[in-house]
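What follows is one structure encoded as structure tokens, with my remarks underneath.
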Amino acid sequence: MKVYLALASLASLITTTVNSAARTTTARYFGCIRSRPLHFHVASSVAQRRTFLNIFRKKKTEDTKEPPEPIPLLSEDDLFHPFSRSPFPEVRAKGQTISSMAPCPVCASGNSHTHEHNHEKPKLKNVSFECPDCGWPTHCSEEHWKVDKEHGKYCSRLREANEDEHDLRSGRRMPEFELPGPQGYEEAISFANWDVFWYTRGYNSMDSERSRRHASKLLTYPMTIGSVLHQHSSLMLNNQRLTPEGSRSMAAIRSTLHTEPGAPETHEASVGKPQVRIFILGARGESSLPPHVWEQLGFLFPAANFHLFFIGPQVALPRERQTPTPSPVNNDSASTEPETPASDLTSDRISGDPTSAKEIPDTESAQIEAKKPLYTPNVYTPQTPAAIPPLKWTRSSLTRYGVPSYTTPYSYQMSLSGLQVDNYADVHPLFEETLDPYSDVFFFFAPGFGFPSPSYKDEAGQPVLQISSPTEWGPVLPMLLASKCPIFVTGFSPADVERDVRSLSTAPGVAGEFEWVVTPGPNPFGSEKWEVADFDPRIMVKTNWGIWAIRGKSRDIQERSFFSSLFSNN
């Protein structure tokens, strides 16, 4: 009888413990579901569940403890600093660059006080006075800063950009840059806007507008591509962004990106499918993005394989690691060990051979960092991005493409290639015979079609538009239109989009030879961070603000009857 009562009491204790743990877990789960992505809380609730059998669980060792949070250099309420008094030398160097390039807006507008008998134009002065509200050098003197009534219209944006610059260098842990892995099975992704996308994709919660700006700037290039190519894209016939001709064009490439209706979206479904090639022409900063950021594009299409081509004169190439000078050794050791040519060691390091990588110390990285300027000006013609570090499987593709190039098979689903060439027309014959609207697509990120060419002028000595210049995009667009592949173009502002669209009507070989795929309009996945021009702080844009797309004009074949051919003149 005593044994029976003891067993009954033990069973009651176990039931009470389990029910209490279940209620506690459920309360925690539903209490947190509003603030963070779903899958994070499912995992945490399982980890926090406590049952009767936990008494036999081993205690965690000290090695499994999470590393401590980094101590930030600046707190969240200490991000505003004038550029000249910034704690970071890069920001101070940026302020000096702006002061050497940007003219004072009051002097430029001719509002300086001059005598009536003095007809000489006032001398333009560069900005040197820093606005106490935004911290940027905006005027030549405090007097002109007080006179300028237009400065208040964009001062808040400059202060926002100032704080963003310091926040990126503050040293805090940035959960907005912690990217998720593959998408869960049968979990749909919404492309309505950034907020819905981050939630359905499983990103960390964006707790502030500043985090939103950082994350959108990092992901705008891959997510712009993914949002327009995906079958659940927000650009549809219903909202009049996708045209009927564009619907047929997108159906072709989406048949390669996705599986048949009802089939699971898994990597096994990609067997036998052609590789989807994405050509990014005129690539600059997008070519220097880390490969794991571009991998986020592949996670949107589990049943597709991608090959990204960055083509342009300003494409970032992998850094070549040179062999350091050997240290002097005695004659005995030199006679017993065979010599290895320096060229072989260098090629092994570039290709990522782990055996030679351990033998040669990487001393060039420190030398490059020492020679690298603190800040590179953001001017009309931006400079080539810094060399990117070579990965394990990075290979030179010079013999294949005939230009400085590389290829990195980053994962089973994603390969990256960069071709540093002055004009895409020089390498178009390498791809011309294999271009297919079912597997190839072209992207131009802010190409500047409507801007005047800096290197080519017409017979009258006037600069022509870049879309018509033979040294820029003149010979490129007619080649792409002939392939019938979709061509997507982005712009950094409404004026930039309108300028590029207007240039289509005057470009030879383009006007009248294209049809719309996506009508011009805002891009839901453009960057939300303001980019300020160094040559004039009043000019501020957002990367990939708008997007539109065209393709080569299709001409239907009309069948001629036998009788009509008899009476025709041809």
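The values are calculated or read from the model by the stated rules, or taken from the named source; none is laboratory data. Everything numeric here is computed off the predicted structure, so don't read it as measured data. Positions of Cβ are generated from backbone atoms using ideal geometry, with glycine treated the same way; all protein chains shown enter the neighbour counts. We work out accessible area using only protein heavy atoms, side chains counted, and drop any ligands, DNA or RNA first. Shrake-Rupley method; radii C 1.70, N 1.55, O 1.52, S 1.80 Å.
Take the range 105-151 and flag every residue that is modelled with pLDDT of 90 or more, open to solvent by 100 Å² or more (accessible area, probe 1.4 Å) and acidic (D, E).
Passing the criteria: only E143.
Out of the range 76-104, which residues are under 29 Å from the mean Cα position of the chain (by Cα), part of a loop (DSSP other than H, G, I, E, B) and at pLDDT 90 or above?
D78, L79, F80, H81, P82, S86, P87, F88, A102
Within the bounds of the range 168-176, is there any residue that is out of contact with any strand residue (DSSP E or B) (no Cβ under 6 Å at 6 or more places or on another chain) and farther than 26 Å from D77 by Cβ?
No: zero hits.
Go through the residues of the range 217-230 one by one and say whether even a single one is touching a Pro at 6+ places or on another chain (Cβ under 6 Å) and either open to solvent by less than 10 Å² (accessible area, probe 1.4 Å) or more than 18 Å from Q183 (Cβ to Cβ) (or both).
Checked the range 217-230: no residue is touching a Pro at 6+ places or on another chain (Cβ under 6 Å) and either open to solvent by less than 10 Å² (accessible area, probe 1.4 Å) or more than 18 Å from Q183 (Cβ to Cβ) (or both).
Condition test on D436, is it farther than 19 Å from L317 by Cα, open to solvent by 40 Å² or more (accessible area, probe 1.4 Å) and of a type outside the set (V, I, T)?
Yes.
Do we find a residue being buried (at least 19 other Cβ atoms within 10 Å of the Cβ), assigned to a helix (DSSP H, G or I) and among the hydroxyl-bearing types (S, T, Y) anywhere in the range 521-529?
Looking through the range 521-529, none of the residues is buried (at least 19 other Cβ atoms within 10 Å of the Cβ), assigned to a helix (DSSP H, G or I) and among the hydroxyl-bearing types (S, T, Y).
I want to confirm something. Restricting to the range 173-192 and keeping residues that are over 22 Å from the mean Cα position of the chain (by Cα) and not acidic (D, E), which single residue is most open to solvent (accessible area, probe 1.4 Å)?
If we take residues in the range 173-192 being over 22 Å from the mean Cα position of the chain (by Cα) and not acidic (D, E), then Y185 is most open to solvent (accessible area, probe 1.4 Å).
Out of D207, D167, which single residue is out of contact with any Ser or Thr (no Cβ under 6 Å at 6 or more places or on another chain) and part of a helix (DSSP H, G or I)?
Among D207, D167, only D167 is out of contact with any Ser or Thr (no Cβ under 6 Å at 6 or more places or on another chain) and part of a helix (DSSP H, G or I).
Note down all Cβ pairs under 6 Å where the first residue falls in the range 186-200 and is in a helix (DSSP H, G or I), the second is surrounded by fewer than 18 Cβ atoms within 10 Å (Cβ to Cβ), and they're at least six residues apart or on different chains.
Within 6 Å, the pairs are V196/S190; T200/I189; T200/S190.
Name the single residue, out of those in the range 231-258 being without any contact (Cβ under 8 Å) to a residue 24 or more places away in the chain and in a loop (DSSP other than H, G, I, E, B), that is surrounded by the fewest Cβ atoms within 10 Å (Cβ to Cβ).
Within the range 231-258, the match that is surrounded by the fewest Cβ atoms within 10 Å (Cβ to Cβ) is N238.
Report the residue count in the range 477-502 for those that are crowded, with 16+ Cβ neighbours inside 10 Å and assigned to a helix (DSSP H, G or I).
Residues meeting the conditions: 10.
With (1) without any contact (Cβ under 8 Å) to a residue 24 or more places away in the chain; (2) open to solvent by 10 Å² or more (accessible area, probe 1.4 Å); (3) assigned to a loop (DSSP other than H, G, I, E, B) as the list, and G474 as the residue in question, which single condition is left unmet?
Evaluating G474 over (1) without any contact (Cβ under 8 Å) to a residue 24 or more places away in the chain; (2) open to solvent by 10 Å² or more (accessible area, probe 1.4 Å); (3) assigned to a loop (DSSP other than H, G, I, E, B) leaves (1) as the failure.
Quickly run through the range 404-426 and pick out the residues that are among the β-branched types (V, I, T) and open to solvent by less than 20 Å² (accessible area, probe 1.4 Å).
T408, V421
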